[in-house]
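> Below is the structure I would like to discuss, written out as structure tokens.
The values are calculated or read from the model by the stated rules, or taken from the named source; none is laboratory data. Note that the structure is predicted; figures quoted are calculated from it, not measured. Cβ atoms come from the backbone with ideal geometry, glycine included; neighbour counts cover every protein chain shown.
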Amino acid sequence: MAATGARATRAATAGQFERALEGAGFAIVDLTAHAYEPLLAIERGVAAGARVLAVGQHDDVDLRKRALAAGAERVLAYRQLFEDGPGTVEAWIASAPPSGAPRGVRPCP
């Protein structure tokens, strides 16, 4: 996140995530987190007005679909962030939801 120029707040629990959402325009949710329920975190992020990017394992197609249904704009594989994290995150932040779509909802390309 530092390489993108964005200021990141790490949240390891649901409570920390709720506090970090205050005034945040963006949130990145790890789909394999054990300290909080990732799909609920996506829903709460979208409800708070944040654009949400989810990251997870490339082969968990069901969880990726559920993350999109919960409101994540995109679901990226860990490998994509490993290969070009700053570029990927910068491009996502610079993008806008499609016209007419509810805020925070975008199909995964």
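> Applying the selection to segment 1-52, what residues are part of a loop (DSSP other than H, G, I, E, B), over 21 Å from Ala77 (Cα atoms) and of a type outside the set (S, T, N, Q)?
Gly5, Arg7, Glu22, Gly23, Ala24, Gly25, Ala48, Gly49
> Something else about it: Only one of (1) touching a strand residue (DSSP E or B) at 6+ places or on another chain (Cβ under 7 Å); (2) at pLDDT 85 or above; (3) of a type in the set (A, V, I, L, M, F, W, C) is not met by Cys108, so which one is it?
Of (1) touching a strand residue (DSSP E or B) at 6+ places or on another chain (Cβ under 7 Å); (2) at pLDDT 85 or above; (3) of a type in the set (A, V, I, L, M, F, W, C), only one is false for Cys108: (2).
> Is it fair to say Thr9 is more than 23 Å from Arg66 (Cβ to Cβ), modelled with pLDDT of 85 or more and surrounded by 13 or more Cβ atoms within 10 Å (Cβ to Cβ)?
So Thr9 passes the test.
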